[in-house]
Structures are given as C-alpha cells and as structure tokens.
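Nothing in this text is a laboratory measurement; each read-out follows from the coordinates by a stated rule. Just so it is clear, the model here is predicted, and its values are computed rather than measured. Counting neighbours? That spans all protein chains shown, and the Cβs are built from the backbone with ideal geometry, glycine included.
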Amino acid sequence: MLNKKIEKALNEQVEKEGYSSALYLAMASWAEVKGMAGIASWLYVQSDEERLHMLKFIRYINERGGKAIVPALRQPGKDQSNVKKMFEEVLKHEQFISASINEIVALCVAERDYTTQHWIQWFVNEQIEEEANATKILDKLNLIGDGNLYLFDRDIMSLRAAEGADAAVAT
Ligand code: OFO
C-alpha cells in the first residue's frame, strides 16, 4: 500500500508526464504546419510515449492501493521561434523531468518504500535515454548551423530507428 506522501508525488508526476505529452504534441503540430513532416513525426511519436509514461504512473498508483488523479490539461506555452530553440527546450524539459524522478527516488528512500524505488528505476533509465536523444539531435542541429533543414527533417526519423537499436544493445 502506498503511503500518502509517495502517492502525492506519483500523482504530481502523472501531471508532469501528461504535460510532456501535450508539450510535444504542440511542438509536433507547429512543425507540421511549418511543413517539417519528419520533425513533426518524431515529436508525435514522442508525445505518444509521454502519454504511455503517464499511464504507467496511473496504473501503478492504482495497483498499489492508491488513487490516481487524471489531471486537467495545461496548455503548453507560445509557438516555437525556430527548430534549434525548440529542441533546446526539449532537452531542458527532459532535464527537469529527470530531476523530478530523482526527487521521487529520494522520497522512496526516506519513506522506505523500496518497492516503488525499484519500480521507478525504469524511469531513471528512460530519462538517461531521453536526455541523450535530445542531446544527439541538438548536436546535429549545431553541425547544420544556419544551413538548410531539409535533410535534417528527412533524416530525423532514422535517428528514432537508431535509438531503438541502441536501446536493444543496452538491454
Ligand atoms: Fe516521460 O520522459 Fe520525457 O518527459
């Protein structure tokens, strides 16, 4: 059975994962309207993954005798100004999420909830990957500089395929 402090922290994380999904959905939609179909696809997939993360938290809270709270949708901020700034925001957001997951791990230790500490390890590993993926994309954008985004937009989905291959090697 979850204690109330852990339940509250997990429910706060439900909201953060839901917001991540909405944030990437808004970015995907922006990229799509700008004609960048590859970047939009990458972000749509990312948004779906975040929804799955939210779902994982909801199911776990309920499974452990807590009560998951489905949060209200918070509208992501203004439109993006350019692709590089957008991916800088992705990286910053993932670093924020990593810090939030780490806080939950620390709380689990303080509250001696070793079951949740063990369960949330999946997210600790996932965050390593999420930050690495955003960093890889930013490295590529830095290489392009102010150059043409056409090839990057065409190739970004192959990065997603490479991520899958990397994850398979790592597991
Ligand atoms: Fe849920 O990993 Fe990104 O935010």
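Which distance in Å, rounded to a whole number, links the C-alpha centroids of the stretch 1-69 and the stretch 71-118? A separation of 10 Å, based on Cα centres. Note on the chain: lysine pairs with Cα distance below 19 Å, sequence gap of 8 or more or different chains, count 25.
Each of SER81, SER20, SER47 has some number of other Cβ atoms within 10 Å of its Cβ, and from fewest to most they run SER81, SER47, SER20.
How large is the helix-only mean residue ellipticity at 222 nm for the chain, computed as the sum of -39500 (n - 2.57) over DSSP H runs with n ≥ 4, divided by its residue count, in deg cm²/dmol to the nearest 500? Estimated from H runs of four or more residues: -28000 deg cm²/dmol.
How high is the relative contact order of the chain, given as a whole-number percent (alpha carbon pairs under 8 Å, six or more residues apart)? Don't jump to the answer; show the numbers that get you there.
Values: 151 pairs, mean separation 47.0, N = 171.
Averaging sequence separation for qualifying contacts and normalising by length gives 28 percent for the chain.
Run a plain Debye calculation on the chain (Cα atoms as equal point scatterers, no solvent) and give log10 I(q)/I(0) at q = 0.15, 0.16 Å⁻¹, rounded to two decimals, same order as the q list. After summing over all Cα pairs, the log10 values are -0.86, -0.95. Among VAL90, VAL33, a tally of other beta-carbon atoms within 10 Å of each Cβ gives an order, fewest to most, of VAL33, VAL90.
If I require 15 Å or longer along the helix axis, counting alpha carbons, and a Kyte-Doolittle average no lower than 0.5, what helices from the chain are left? Use full DSSP H segments.
Numbers: long enough: 4-33 (44 Å, -0.37); 37-63 (39 Å, -0.19); 83-110 (41 Å, 0.56); 121-144 (35 Å, -0.37); 150-170 (31 Å, 0.30).
Result, helices passing both filters: 83-110.
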